[in-house]
Amino acid sequence: MEFTCQDALPLVPSYLDGELTEVRAGMLRKHLLDCSSCRNSAQDVKVLSRWFVAPERLEFAPPAGFSARVARRAFAGDVGNGPELEMAKPAESGRLLQFVLTATAIAAAVMLVSAIALRDQRLPGAGRLDAATPPAPVQVILDRLKELNRLENHDQATSRPAGEAAPRKN
Amino acid sequence: MGAFAMQPMPKEDVSLVAETLSGNQLSFQLLVERYQDRMFGLVRHYTRNPVEIEDIVQDTFLKAFTRLSSFQQQSSFYTWLCRIAINTALDFHKRHGRNPVQAVEDPELALAADRVGRGGTQVQAPDARLERAEIQKITQLVLEELPEIFRTVLVLREFEDMAYQDMADVLGISIGTVESRLFRARARFKDKLLQLHPEFGEG
């Protein structure tokens, strides 16, 4: 099986990095011999790698006594987070950050209290669910209905012409 | 397979780790001394502030010490340290609200990188008249413009000369992902280099 350009191109960097198996490397080499376009791509990767040059000497070297200090701290139980300790040092930017954080915390607390107060005003609490007058018991309502029926019957009886039979009571 | 993964761990490292675990402070100091330069070299790709570099490297070694008993000797001590150092550097940026540019490896991105990788303007090799330091400065600035995942694979491959298997171990990804990420990273690097320095383009 021969490689197409589509097969070959993604393998070019791995090939140049020496990461292809011998079989695949052989197939790619064969394709590169025949394909000038892929050969140019390989050349491009090679050229690009020349931009990555290691410094002759470290720009930021470890300070003297670094290893001894780190070992001492490790055995003293320091578990790290050096950068956080760095942040805690008083500095202009640190003070500003602290002010902003404090102001934000206060604002959040005020908003929380206000929200709770507003909610208390708008929503009825358990105590406010009581009606102004307690609901009448069922018996009272039934008695009232009977009274109304009686009055109605009485009104009909008085307005009925003489000799007409009164309606039977249920 | 990678150069680091294939080789057995140097005897000295194994011994120093064991001695450290049995309470020998000097052995740990020797381990720090052995790798401190490479750690400073690695971390400088994540910040250019010397104080921050020192803090991150120190933090890396302190974290390594607390996890030393969990160190699996299948990978090299250096590969293991790299993983801690990169995570520490990224955590440091997060804690300072400086989230590095994130990239999601979606198909669109892959296609865009592929287009860049396939052709267009070719990049020139660095001019012979450029000082080594100048080349480094240009490269560093271009790298800083790249999403973190692309910057990291380029740093591990091009500066640390790490094998794909070791990169996969450090980053916790498959070799296939290392390959594709590196491919895109190189395309992005070339694109950004030409964008910032069109004078290095040809064709």
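Once label points are set 7 Å from the Cα along Cα→Cβ at both residue B:12 and residue B:161, what is their separation, rounded to one decimal in nm?
1.7
In debye to the nearest 20, how big a dipole does the stretch B:3-95 give about its Cα centre with +1 on each Lys and Arg Cβ and -1 on each Asp and Glu Cβ?
My answer is approximately 300 debye.
Between residue A:23 and residue B:174, what is the FRET efficiency for a Förster distance of 30 Å, r being their Cβ-Cβ separation, to the nearest 0.05?
Once the sixth-power term is evaluated, E becomes 0.90.
Please compute the Kirkwood hydrodynamic radius of the stretch B:3-95 from all pairs of different C-alpha atoms, in Å with one decimal.
13.6
Can you tell me the FRET efficiency between residue B:94 and residue A:75 if r is taken as the Cβ-Cβ distance and R0 is 35 Å, rounded to the nearest 0.05?
Once the sixth-power term is evaluated, E becomes 0.75.
Among B:124, B:156, B:168, pick out the residue whose Cα is farthest towards the positive end of the charge dipole of the stretch B:107-202, where Lys and Arg carry +1 and Asp and Glu carry -1 on C-beta, about the Cα centre.
B:124
By count of other Cβ within 10 Å, fewest leading, how are B:164, A:15 ordered?
A:15, B:164
Could you tell me the calculated FRET efficiency between residue B:51 and residue A:2, based on Cβ-Cβ distance and R0 = 41 angstrom, to the nearest 0.05?
The formula returns an efficiency of 0.15 here.
Which shape class, rounded, prolate or oblate, goes with the stretch B:107-202 when its Cα gyration tensor gives a ≥ b ≥ c as root eigenvalues, a/c under 1.5 marks rounded, and past that a/b bigger than b/c marks prolate?
The shape class here is oblate.
Which ordering of B:91, B:13 is given by a fewest-first count of other beta-carbon atoms within 10 Å?
So the residues, fewest neighbours to most, are B:91, B:13.
Working from the pairwise distances between different alpha carbons, so that the mean of 1/r is found and then inverted, what is the stretch A:5-49's Kirkwood radius in Å?
10.3 Å is the Kirkwood radius here.
Using amide H atoms built 1.01 Å from N in the peptide plane, name the residues 5+ places from residue B:122, or on other chains, whose amide H lies under 5 Å from its own.
Counting only residues 5 or more places away or on other chains, the set is B:202.
In nm, to one decimal, how far is the residue A:141 label point from the residue B:144 one, both placed 7 Å along Cα→Cβ?
So the label points at residue A:141 and residue B:144 sit 8.0 nm apart.
Taking 0.36 nm per residue of sequence separation and subtracting the Cα-Cα distance, how much length would be gained by fully extending the chain between residue A:113 and residue A:53, in nm to one decimal?
15.7 nm
For B:141, A:118, what ranking results if the residue with the fewest other Cβ atoms within 10 Å of its Cβ goes first?
By the 10 Å Cβ count, ascending: A:118, B:141.
Using a basic spin-label model with each label point 7 Å from the Cα along Cα→Cβ, how many nm lie between residue A:149 and residue B:37?
Spacing of the two 7 Å Cα→Cβ label points: 11.0 nm.
Bear in mind these aren't lab numbers, they're just calculated from the coordinates by the rules spelled out. This is a predicted model, so every value here is computed, not measured. Note that we place each Cβ from the backbone using ideal geometry, even for glycine, and neighbour counts take in every protein chain shown.
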